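Please read the structure below before turning to the comments.
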Amino acid sequence: MNSLRNNIVLIGHLGKDPELKKLGNGRTMATISLATNEYYKKNGERVSVTQWHRCIAWGNLADLMSGMLNKGKEIVVRGKLTYNIYQDRQGIRRNVPQIVVNEFVLLNKRDR
């Protein structure tokens, strides 16, 4: 049951190429922007709603994501929801949600 706690799975498309950063402590971090789409009908017309998710990966997984992924690719990510809490330049406390990726799968679709 512990594996169900704070577990999130998203399927979406990358909005841009992964950003890979080498940190001062020798660790690497990759950041991706993932778009998920939801569709429904309103007054007989199809409506699309897009949500954007900030996802980060660390270490070897970050290197792997940076090497394999690029803008537009469809992927599945599994990870946990965290919050990056900081104070901006005006002194306002910001609380930014992000997904810390544990694993990902590149979805391969045939060209049509």
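Nothing in this text is a laboratory measurement; each read-out follows from the coordinates by a stated rule. As the structure is a prediction and not an experimental result, all values here were calculated from the model. We place every Cβ from the backbone using ideal geometry, glycine too, and count neighbours over all the protein chains shown.
Of R94, R78, R27, which has the largest mean-square fluctuation in a 10 Å C-alpha GNM of the chain?
R94
How tilted is helix 59-68 with respect to the longest principal axis of the chain? Cα atoms for both, answer in degrees (0 to 90, nearest 10).
Approximately 40 degrees, to the nearest ten.
Out of the DSSP beta bridges found with both residues in the chain, what percent are antiparallel (nearest 5)? Numbers along the way, then the final one.
On the way: 39 of 41 bridges.
Bridges in the chain that DSSP calls antiparallel: roughly 95 percent.
Only helical DSSP H runs with n ≥ 4 go in: add -39500 (n - 2.57) per run for the chain, normalise by residue count and round the 222 nm mean residue ellipticity to 500 deg cm²/dmol.
-2500 deg cm²/dmol
Tell me the net charge near I75. Cut-off is 14 Å between Cβ atoms, I75 excluded, with +1 for each Lys or Arg and -1 for each Asp or Glu.
Numbers: positive: K16, K71, K73, R78, K109; negative: D17, E74, E103.
Charge balance near I75 sits at +2.
Compute a Gaussian network model of the chain, connecting alpha carbons closer than 10 Å, and tell me which residue from S33, S66, S48 fluctuates the most.
Highest fluctuation among the options: S48.
Using Cα springs under 10 Å in a Gaussian network model of the chain, which residue among V77, V101, V49 shows the largest mean-square fluctuation?
Looking only at V77, V101, V49, the largest GNM fluctuation is found for V49.
If we count every other residue with Cβ under 15 angstrom of S48's Cβ, Lys/Arg +1 and Asp/Glu -1, where does the sum land?
Summing Lys and Arg as +1 and Asp and Glu as -1 gives +1.
Assuming 0.36 nm per residue, please report the length gained on full extension of the stretch N6 to N60 beyond their Cα-Cα distance.
17.2 nm
Using Cα pairs closer than 8 Å and at least 6 residues apart in sequence, work out the relative contact order for the chain, in percent.
28
Modelled label-to-label distance, Y40 and Q98, 7 Å Cα→beta-carbon offset: nm?
It works out to 3.1 nm between the two label points.
What span do the alpha-carbon atoms of the range 61-108 cover on each of the three principal axes, reported in whole Å from largest to smallest?
44, 20, 18
Compute the FRET efficiency between N84 and L106 as 1/(1 + (r/R0)^6), taking r as their Cβ-Cβ distance and R0 = 30 Å, and round to the nearest 0.05.
0.70
Which of rounded, prolate, oblate describes the chain, given a ≥ b ≥ c as roots of the alpha-carbon gyration tensor eigenvalues and a/c under 1.5 marking rounded, otherwise prolate only if a/b is larger than b/c? Before the final figure, lay out the partial values.
On the way: a/c = 1.70, a/b = 1.26, b/c = 1.35.
Since a/c reaches 1.5 but b/c is at least a/b, the shape of the chain is classed as oblate.
Rounded to the nearest 20 debye, what is the charge dipole size of the range 1-108 about its Cα centre when +1 sits on each Lys and Arg Cβ and -1 on each Asp and Glu Cβ?
Computed charge dipole of the range 1-108: roughly 300 debye.
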